[in-house]
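As structure tokens, the structure follows; a few thoughts come after it.
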Amino acid sequence: MARRRQIYEGKAKILYEGPEPGTLIQYFKDDATAFNAQKKGTINGKGVLNNRISEHVFTLLAGIGIPTHFIRRLNMREQLIRQVEIVPIEVVVRNVVAGSLAKKLGIEEGTPLPRTIVEYYYKDDALGDPMVTDEHILAFGWASQEELHDMADMAIRVNDFLSGLFAGIGIRLVDFKLEFGRIWENEYGRIILADEISPDGCRLWDIATGEKLDKDRFRRDLGGEVEAYQEVARRLGLFPEGDGSDVLDLETHRKKRGK
Ligand code: TMP
């Protein structure tokens, strides 16, 4: 295949020029990082699983009226997406105390929150993605008041929907991170959901056992990362023939044969 023009390489994904103007190809790597890339590793098969899981979740969200950048999955590691101007804000939604919130306030992990909390982080690796408030976002023009409202509103709708979806398959949605992008339609900017939704950017705990089924397995050196991601995919009804390992094996065989 002809070399495609690479537009951007992030920590877990690569963006290539798409087949038509206004589109991009999002490639899911197996690379994993944590703590602003101070910790680096590879989770074999993660990209394949995240591509499938994110496709599934974005398709369901489109079904309840959340506009997203997802167009269609192209193959095991790639999906066609709409090109957006990324809003430089990570929106984190929390239902249960965990991670940085537990550390910052000295509250035990697993404490349920009396109400959902939405937090904003400014996307800047050099600064370590500092937490900011809506005041900073408006003052520095990272998003307008209307865009911020749209992002917060969508984040809550996504949380309500996904909390129910995961509860139905025995998983507690503890927290997650969203990213949004701007698309331009006759001079008007509109906010749509971008990036990915996968165990890389969510905390997913088994309801019965409390077992972590997300990237905390990598962050905290717990092991069993692929098995955890496969379990999420399996419960979502993806890879119905098995646990997904057959798909990953197939990919390994193809790679060995140089195809
Ligand atoms: P935190 O507890 O470390 O602030 O993370 C909250 C949620 O956001 C958790 O589900 C992981 C996700 N997250 C990312 O996806 N990317 C990041 O860079 C960070 C810090 C968190």
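The values are calculated or read from the model by the stated rules, or taken from the named source; none is laboratory data. Fair warning: this is a prediction, and the values are worked out from it, not measured in the lab. FYI the Cβ positions are ideal-geometry reconstructions off the backbone, even for glycines, and counts take in every protein chain you see. For the accessible areas, the whole protein counts, side chains as well, though only heavy atoms, and no ligand, DNA or RNA atoms are used. Shrake-Rupley method; radii C 1.70, N 1.55, O 1.52, S 1.80 Å.
Before moving on, here are some points about what is shown:
- Among the criteria (1) surrounded by 12 or more Cβ atoms within 10 Å (Cβ to Cβ); (2) modelled with pLDDT of 95 or more, the one Leu250 does not fulfil is (2).
- Wholly within the range 56-106, strands (runs of 3 or more DSSP E) carrying at least 2 residues that are more than 16 Å from the ligand (Cβ to nearest atom), in contact (Cβ under 8 Å) with a residue 12 or more places away in the chain and open to solvent by less than 30 Å² (accessible area, probe 1.4 Å): 78-82
- Across the range 209-221, the qualifying residues are those that are more than 11 Å from the ligand (Cβ to nearest atom) and in a helix (DSSP H, G or I), and the one among them that is farthest from Ile169 (Cα to Cα) is Phe218.
- Test: residue in the range 113-123 that is away from the ligand (no atom under 16 Å from the Cβ) and assigned to a helix (DSSP H, G or I): no
- Conditions (1) within 16 Å of the ligand (Cβ to nearest atom); (2) more than 24 Å from Ser163 (Cβ to Cβ); (3) in a helix (DSSP H, G or I): number failed by Ala32: (3)
- In this structure, Gly110 does not qualify as out of contact with any Ser or Thr (no Cβ under 7 Å at 6 or more places or on another chain) and within 11 Å of the ligand (Cβ to nearest atom).
- Condition broken by Gly41, with the remaining ones in (1) over 16 Å from the mean Cα position of the chain (by Cα); (2) open to solvent by less than 20 Å² (accessible area, probe 1.4 Å) satisfied: (2)
- Boolean, Val174 is within 16 Å of the ligand (Cβ to nearest atom), β-branched (Val, Ile, Thr), in contact (Cβ under 8 Å) with a residue 12 or more places away in the chain and touching a Pro at 6+ places or on another chain (Cβ under 7 Å): no
- Among the residues listed as Glu227, Glu231, the single one being under 20 Å from Gly110 (Cβ atoms) and either more than 11 Å from the ligand (Cβ to nearest atom) or without any contact (Cβ under 8 Å) to a residue 40 or more places away in the chain (or both): Glu231
- The condition (being among the charged types (D, E, K, R), farther than 14 Å from Ile89 by Cβ, open to solvent by 50 Å² or more (accessible area, probe 1.4 Å) and away from the ligand (no atom under 13 Å from the Cβ)) is satisfied by just one residue among Asp206, Asp134, Asp160, Asp150: Asp160.
- Screening Ala143 against (1) touching a strand residue (DSSP E or B) at 6+ places or on another chain (Cβ under 8 Å); (2) in contact (Cβ under 8 Å) with a residue 60 or more places away in the chain; (3) part of a loop (DSSP other than H, G, I, E, B); (4) of a type outside the set (Lys, Arg) leaves a single unmet condition, (2).
- Residue count for the range 209-235, restricted to those that are open to solvent by less than 20 Å² (accessible area, probe 1.4 Å), out of contact with any strand residue (DSSP E or B) (no Cβ under 8 Å at 6 or more places or on another chain) and of a type in the set (A, V, I, L, M): 1.
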